[in-house]
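Nothing in this text is a laboratory measurement; each read-out follows from the coordinates by a stated rule. Predicted, not measured: the structure shown is a model, and the values here were computed from it. Every residue, glycine among them, receives a Cβ derived from its backbone with ideal geometry; neighbour counts consider all protein chains shown.
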Amino acid sequence: MKKQKVSIYKCSSCGREEAKWLGRCPECEEWNTFIETAVSSEMLNARKRQDKTKSGLPQTVPLHSVDPMQGSRISSGIGELDRVLGGSNEACGIMKNSAVLIGGEPGIGKSTLLLQTAASAFTKGRILYVSGEESAGQLRLRADRLGISKDKMERIEILCSGNLNEIETVLNSVKPVLVLVDSAQTLFSEDAGSVSGTVNQMKFCSYELISWVKEHDAALFLTAHVTKEGVISGPKTLEHMVDTVLYFEQNDKTSGLSETDDCRFLRAAKNRFGSVDEIGIFTMGEKGLSSIEDTGRMFLVRREGVLPPGVATAAVLEGTRTILVEIQALTIPAKGTMSRVFSDKIDSGRVSRVSAALEKHLGLRLSDQDLYVNAAGGIRITEVGSELALACALYSARTGLPLPADLAIAGELSLTGEIRPVRRFSSRVKTAANLGFSSFLGPFAAETASDEQPVSGLLAAKDIKTAIKAVYGL
Ligand code: TYD
Ligand code: MG
């Protein structure tokens, strides 16, 4: 690796060292004695280490005597963002002394989310919004469009710069409690050595900003673009440095559901202070992003009468809430010699596994078919409890027999054809019942395990054969 040269300033009178040039030495009070001295970065690091241990040997602390970082969350004021950031019911949101990275493709809404957070965060201190992407005028225009009130704007300081030195100077004078940086890719510093705009520059500057918030009891939000071409230079390279990584995703707008056309999902890829199961669901509208808390019917298609063949309603868990999603399947004779699976919302490996189990245990020939699978509303389904609904959708598509419109389904399908119990089964049944589904197909164990009174309309099946029998009355 190339050794980097860094400059420090040394007082020619008493030998005091400073990172910046000073007119008067604070030690010996002489004027104009600081001289620039070049040192290698290793030397500088060694000195920093020495400084830390000057007072004695490095000390360990017994774990039990360490103060837990409790009660130091700031609510972002945006329900769905707080949900993804994690925390308990009383206090969820941004952890103090932490750094959150928000990644996503350009135009997905990262800057909008940042500005909305600046306006609605529950904090009394100052908020610094650093933008290397937009001018102050553009930000003001967006703030007006979002309907941010004047008194909310008062506490937000704007700095349009990507220069780390400038940002650090402002940080030290403004002392904000919340720092929002848009984006990591626009940060640069002469101290980072290499050419500006490189990954090294981005990493160096981000690291410095993360260190600043950790030392000053503040919190940091940092955005980074993901582009199809530049995966390597994007947010991935920063993931290890921050405490929380959130990715913004959008559906592909081909679903044809008007309400979900502008639906955006915020998923945690890493979270030191919470679960990574929760997703935040937003829509982008005239006034920016709005949280969708009532997601019950979001991913269902409104239909009159009977369902078309190939459609099944799955009750899936997304974090702690149940969402009902319409799964659509289509099977057509394979065009090639091999059957293919076209599915991006449900893992195609899962589709292959479920179809193999159907073929084996029901004698339903699928291996000569091309399988197309989709989820309404463009939501990506990763939960294992969706397998039984997927199996029913494939069965219905292949046989042309529609499923009952009032049926919701949850269950895991094993390779042996058995239906396994799923987490939080009763909450799924309850949500489906509230949304007007009068029957529910689930695993057999679920009924006996439930300590409440037997749920009406519950079809419990121990394997796929009895499940199909129960649904179609065959
Ligand atoms: P933006 O937040 O700038 O995305 P990013 O920072 O991730 O690149 O903008 C997202 C898109 O949303 C942009 O195309 C404009 C649109 N938008 C709205 O539809 N409504 C609004 O109120 C705002 C502010 C933006
Ligand atoms: Mg932006």
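By the beta-carbon count within 10 Å of each Cβ, the least crowded to most crowded order of Cys14, Cys160, fewest first, is Cys14, Cys160. Any idea what angle helix 136-145 forms with the longest principal axis of the chain, computed on alpha-carbon atoms, 0 to 90 degrees, nearest 10? The two axes meet at around 30 degrees.
The distance linking the stretch 156-170 with the stretch 354-405 is 54 Å (Cα centroid to Cα centroid, whole angstrom).
Between Arg145 and Lys360, the modelled label-to-label distance comes to 5.4 nm, taking each label 7 Å out from Cα in the direction of the beta carbon. Counting only DSSP beta bridges whose two residues both lie in the stretch 344-469, roughly 25 percent are antiparallel. As I understand it, the dipole of the chain uses +1 on the Cβ of Lys and Arg and -1 on the Cβ of Asp and Glu, about the Cα centre. Which of Val325, Ala219, Cys160 lies farthest toward its positive end? My answer, from the dipole projection, is Val325. Would you work out which of Thr169, Leu146, Ser131 lies farthest towards the positive end of the dipole of the stretch 131-174, given +1 charges on the beta-carbon of Lys and Arg and -1 on that of Asp and Glu, about the Cα centre? Checked the options; the winner is Leu146. For the stretch 279-357, GluC sites (Glu not before Pro) are listed when DSSP marks them as loop and at most 13 other Cβ atoms sit within 10 Å of their Cβ; the list is Glu286, Glu293, Glu304.
Please order Trp212, Trp21 by the number of other Cβ within 10 Å, starting at the fewest. Display every interim value, and only then the final one.
Working: Trp212 17, Trp21 12.
With the fewest neighbours first, Trp212, Trp21 line up as Trp21, Trp212.
For the stretch 100-183, the set of trypsin sites (Lys or Arg not before Pro) satisfying both a DSSP loop assignment and a count of at most 12 other C-beta atoms within 10 Å is given as Lys124. Seen through its C-alpha gyration tensor, with square-root eigenvalues sorted a ≥ b ≥ c, the stretch 121-185 comes out oblate because a/c lies at 1.5 or above while a/b is not bigger than b/c.
Tell me whether the chain comes out rounded, prolate or oblate; compute the Cα gyration tensor, take square roots of the eigenvalues as a ≥ b ≥ c, and use a/c under 1.5 as the rounded threshold. Numbers along the way, then the final one.
Working: a/c = 2.45, a/b = 2.38, b/c = 1.03.
Because a/c hits 1.5 or more and a/b exceeds b/c, the chain counts as prolate.
Under the classification rounded if a/c is under 1.5, otherwise prolate if a/b is larger than b/c and oblate if not, where does the stretch 317-474 fall, given a ≥ b ≥ c as square roots of the Cα gyration tensor eigenvalues? Here the stretch 317-474 falls in the prolate category.
Sorting Leu128, Leu407, Leu57, Leu81 from the fewest to the most surrounding beta carbons within 10 angstrom yields Leu57, Leu407, Leu128, Leu81.
Nearest 5 percent is fine: what portion of the DSSP beta bridges confined to the chain is antiparallel? Walk me through the numbers before you get to the answer.
Details: 47 of 84 bridges.
Bridges in the chain are about 55 percent antiparallel.
The angle separating the long axis of helix 41-53 from the principal Cα axis of greatest extent in the chain is about 90 degrees.
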